[in-house]
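Scroll down for the structure; my scribbles are underneath it.
The values are calculated or read from the model by the stated rules, or taken from the named source; none is laboratory data. The structure presented is a predicted model; accordingly, all values stated were derived computationally and were not measured. Note that we place each Cβ from the backbone using ideal geometry, even for glycine, and neighbour counts take in every protein chain shown. In case anyone asks, the SASA skips ligands and DNA or RNA and just uses the protein heavy atoms, side chains included. Shrake-Rupley method; radii C 1.70, N 1.55, O 1.52, S 1.80 Å.
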Amino acid sequence: MLNAKIVFDMRLFIALNFSERFLDALAETAQNLQKQAIYARPTQRENFHLTLAFLGEQENIAGSIAAIDACAATAFTLVTGHCGAFHQRNGDLWWLGLRRQANLLHMQESLRQQLLLQGYRMENRTFKPHLTLLREARMQPDFDLAAFNSSLKPLHERITSIHLMQSVRQAGKLCYLELYKREI
Ligand code: ATP
Ligand code: MG
């Protein structure tokens, strides 16, 4: 007899999701940046989000919902900034950064504290809010980042909710499913 609990883990993260208009603008920015790349995997339009906390594989969602409900959060307007890259072995991850915003930083820190209270082990890394545009990217040798950044206009997005998300692969395609939403 197999004397083990069968556990179905879910890959979870907590994120801010966006309006159709903002998704369009992000997809356009990603497309323009991709034109400067030799190779890159752009984020699918429907997948753009801002990760507040990554929970990884979890077997239930109760603790994360409690943390989302308990965290101190108020609605605010997110404003985009410049592009940059995190260097990775399999090619760089290019992102669109955000203007520094006290509301966002306080919300993320409060959420982190609430997750710790719920028993989640959170990494102690500084929060670097970013919107992923390209993965595994290799840029053209003459790519001029300063010129690209000076061509960008700030994009505004009103944030009024926080979402618990599940990351799944469906027929090889990365999908994020919304499991819970809190209005703020
Ligand atoms: P892929 O892994 O296929 O490139 P992805 O990174 O978007 O796609 P997930 O790995 O499921 O998909 O991650 C979901 C979200 O959590 C993404 O925003 C991702 O950047 C973030 N994330 C993933 N791993 C970590 C981690 N170790 N620390 C912080 N954030 C993470
Ligand atoms: Mg990942």
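When the helices in the chain are scored as -39500 (n - 2.57) per DSSP H run of 4 or longer and the sum is shared across all residues, what 222 nm value do you end up with, to the nearest 500 deg cm²/dmol?
Result for the chain, helices only: -7500 deg cm²/dmol.
Lysine pairs in the chain 8 or more apart or on different chains: how many have alpha carbons under 30 angstrom apart?
10
Among Leu111, Leu52, Leu145, which one shows the biggest mean-square fluctuation in a GNM of the chain, springs joining Cα atoms closer than 10 Å?
Looking only at Leu111, Leu52, Leu145, the biggest GNM fluctuation is shown by Leu145.
So, how do all the Cα-to-Cα distances of the chain break down into 10 Å bins, in percent, from 0 on up?
9, 34, 34, 18, 5, 1, 0
Distance from a point 7 Å along Cα→Cβ of Arg100 to each backbone N in the range 128-157: keep the residues under 16 Å and list them by number.
128-130
Quick one: how many Å² of Asp142 are accessible to a 1.4 Å probe, rounded to 10?
Near enough 120 Å² of accessible area.
With a 1.4 Å probe and all protein chains kept in place, how much accessible area does Lys128 have, in Å² rounded to the nearest 10?
That residue has around 130 Å² of solvent-accessible surface.
For Val7, Val79, give the ranking by accessible area with the largest first, probe 1.4 Å.
Order by accessible area, largest first: Val7, Val79.
Compute the FRET efficiency between Phe54 and Arg169 as 1/(1 + (r/R0)^6), taking r as their Cβ-Cβ distance and R0 = 22 Å, and round to the nearest 0.05.
Plugging the Cβ-Cβ distance into 1/(1 + (r/R0)^6) gives 0.85.
Going 7 Å from the Cα of Leu116 along its beta-carbon direction, which residues of the range 12-39 have the amide nitrogen within less than 17 Å of the resulting point?
none
Using a 10 angstrom cutoff on alpha carbons, build the Gaussian network for the chain and name the most mobile of Ile38, Ile162, Ile14.
Evaluated over the chain, the most mobile residue of the options is Ile38.
Under 20 Å from the 7 Å Cα→Cβ point of Thr126, by amide nitrogen: which residues of the range 88-113?
Inside the label zone: 88, 93-113.
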